[in-house]
Amino acid sequence: MNILLLGSGGREHALAWKLTQSPLCKNLFIAPGNAGTVSLGINLPFGVNDFEQIRATCIDEKISMVVVGPEDPLVNGITDFLLSDPRLASLLVIGPDKNSAQLEGSKAFAKSFMQRHKIPTAAYKEFTLENYKDGVDYLRDHSLPVVLKADGLAAGKGVVICGTTVEAMAEFELMLQRAKFGEAGRKVVVEEYLPGIEMSVFVLTDGADYVIFPEAKDYKRAKEGDKGPNTGGMGAVSPVPFATPSMMKKIEDKVIKPTVDGLKKDGLVYQGFIFFGLMIFNEEPFVIEYNCRMGDPETEVVIPRLKNDLAELFKACAEKRLKEIKVETDPRTVCTVVAVSAGYPADYQKGKEITGIENVNPEDSIVFQMGTQLKDGKILTNGGRVLCMTSYGRSIFDAVSISKEELEKIYYEGMIYRQDIGYEFE
Ligand code: AMP
Ligand code: GLY
């Protein structure tokens, strides 16, 4: 098969790494890819929302399968766009259609889906400018903290947790009256705050059946001790120690099954990943959010634990044969530590030369590149999150220690990483 993978982050580097290990994968194209994917396939010089170019590549390069990494092209309808072309009638696409991608693309859609299908989640109400005054009344009486969420995609920034009513009112006004998050915030979900501990569960579904991938926990805050601003993710671990078999069974019965059944009942076509962002509180799972894709950096720990042939899994998914598949997992612990550019998640510089990647010991560690670019034979930083060091270990502490040791072999100006990934499990 010729496969086209869309995206340019660590998630895509990890997917490319795994796909190219499959005998089913003849040629891999990545659009746009990064410096890490250069050695695994052919990087194409266009973005994930350039639908015309993506379609032309599928036709010209005789692509059999498109794997969509990030959410925006899914929410923008890449799956529908490609499959509606008669020349691409036999194309396999991993990623839901536009309607189903609303699970991530609209928080209000996701919340009403969960309510309709009795999936445990925080109580909520949605507001627009039209019922703005009702929103103010609602906020006045709401328990604290209270969570405000911009309805649409806001690059991971659209959630604000407010500790006081005054702060909540101000934020509500900023979102609705002053369009703080632009179009994405024209509708706001006001939600009850759930205390507890977060984890992520990943499912690949063909619309009828599903397989569960290894679970993970990511570390979203920029600074040690889970302090500082939210980021895309500073590290991840898998397995998650508190995700016991009985907890995973509860998650499957109360969250995964009702979600897949709910999609069917609502007539939503879904072939791809569902990423469940969960809060575990009092030994019960609650859905905080759905994503219609894999997580980053979660993919960089989940995929290295997957023993199956990923291309075969994807093929079975797109051909609705997931029922035949059993996921096999590497029992070792896998952790990743993300190295970022100084200043991230606020302003940071790009274009710094990265050296030392070739010195990393391949026995236990893998470097997955994130924001990098190959220029004149040099690997340069090209984003806030630059690369991550994934390591296998006997425990979380062991794997994280190996990652930190290996990261010392790599250098670029302004390189920063958290020292305490997995700290609560030591
Ligand atoms: P999201 O963009 O939906 O992933 O939300 C970002 C982060 O906000 C989540 O990872 C949680 O840490 C936090 N969060 C979102 N919703 C809630 C909630 N209802 N209760 C507590 N924390 C929340
Ligand atoms: N690391 C969180 C995400 O990918 O959404």
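Just so it is clear, none of the values below were taken in a lab; they were calculated from the coordinates. In this text, all values refer to a predicted model and were calculated from it rather than measured experimentally. For neighbour counting, all protein chains shown are included, and Cβ atoms are generated from backbone atoms with ideal geometry for every residue, glycine included.
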Taking only the alpha-carbon positions of the range 189-240 and ignoring solvent, what does the Debye formula give for the base-10 log of I(q)/I(0) at q = 0.13, 0.19, 0.23, 0.28 Å⁻¹? -0.48, -0.84, -0.96, -1.05
Within the range 117-225, report the GluC sites (Glu not before Pro) that DSSP leaves as loop and that have at most 10 other Cβ atoms within 10 Å. Glu130
Mind telling me which of Ser200, Ser401, Ser246 comes out most flexible in a GNM of the chain, alpha-carbon contacts under 10 Å? Ser246
What's the local net charge at Glu298, with K and R +1, D and E -1, over the other residues with C-beta under 12 Å away? 0
What is the set of long-range amide H partners of Met65 at a cut-off below 5 Å, with H atoms built 1.01 Å from backbone N? Asn2, Leu4, Leu92
Mean separation of Cα contacts under 8 Å, 6 or more apart, over the residue count of the range 2-50: relative contact order %: 40 percent
What relative contact order, as a whole-number percentage, does the chain give when Cα pairs under 8 Å and 6 or more residues apart are counted? 17 percent
Quick check on packing: order 14-21, 261-268 by the mean number of other C-beta atoms within 10 Å, highest mean leading. 14-21, 261-268
³J(HN,Hα) computed for each position of the range 326-339 - Karplus, 6.51 cos²θ - 1.76 cosθ + 1.60, integer Hz, glycine/proline x: 10, 7, 10, 10, 5, x, 5, 7, 10, 10, 9, 10, 8, 9
Each residue of the range 363-373 in turn: what ³J(HN,Hα) in whole Hz from Karplus with 6.51, -1.76, 1.60 and θ = phi - 60°, glycine and Pro shown as x? 4, 10, 10, 9, 8, 9, 7, 10, x, 9, 8
Out-of-range pairs (alpha-carbon distance over 18 Å; input Lys98/Lys250; Lys62/Lys315; Lys157/Lys187; Lys26/Lys62; Lys118/Lys264; Lys352/Lys409): Lys98/Lys250
What FRET efficiency do you get for Val159 and Lys249 if R0 is 22 Å and r is their Cβ-Cβ distance, rounded to the nearest 0.05? 0.15
Using amide H atoms built 1.01 Å from N in the peptide plane, name the residues 5+ places from His142, or on other chains, whose amide H lies under 5 Å from its own. none
Do the sum for the chain: with -39,500 (n - 2.57) for every DSSP H run of n ≥ 4, divided by all residues, what is the mean residue ellipticity at 222 nm, to the nearest 500 deg cm²/dmol? -7000 deg cm²/dmol
Charges at C-beta only: +1 for Lys and Arg, -1 for Asp and Glu. How large is the resulting dipole of the range 66-128 about its Cα centre, in Debye rounded to 20? 360 debye
Charge tally for neighbours of Gly371 with beta carbon under 9 Å away, counting Lys, Arg as +1 and Asp, Glu as -1, is +2
Among Gly262, Gly371, Val237, flag the residue with its Cα farthest along the positive direction of the charge dipole of the chain, charges on Cβ as +1 for Lys/Arg and -1 for Asp/Glu. Gly262
Net charge (Lys, Arg +1; Asp, Glu -1) of residues whose beta-carbon lies under 14 Å from that of Arg55, Arg55 excluded, is -4
Among DSSP beta bridges whose residues both lie in the chain, state the antiparallel percentage, nearest 5. 80 percent
Quick check on packing: order 317-329, 368-380, 290-302 by the mean number of other C-beta atoms within 10 Å, highest mean leading. 290-302, 368-380, 317-329
Considering amide H positions built from the backbone, and no H for Pro or chain starts, which residues 5 or more places from Glu71, or on another chain, come under 5 Å of its amide H? none
Karplus-derived 3J(HN,Hα), 6.51/-1.76/1.60, for each residue of the range 141-152, Hz, glycine and proline x: 9, 6, 5, 10, x, 10, 10, 10, 10, 5, 5, x
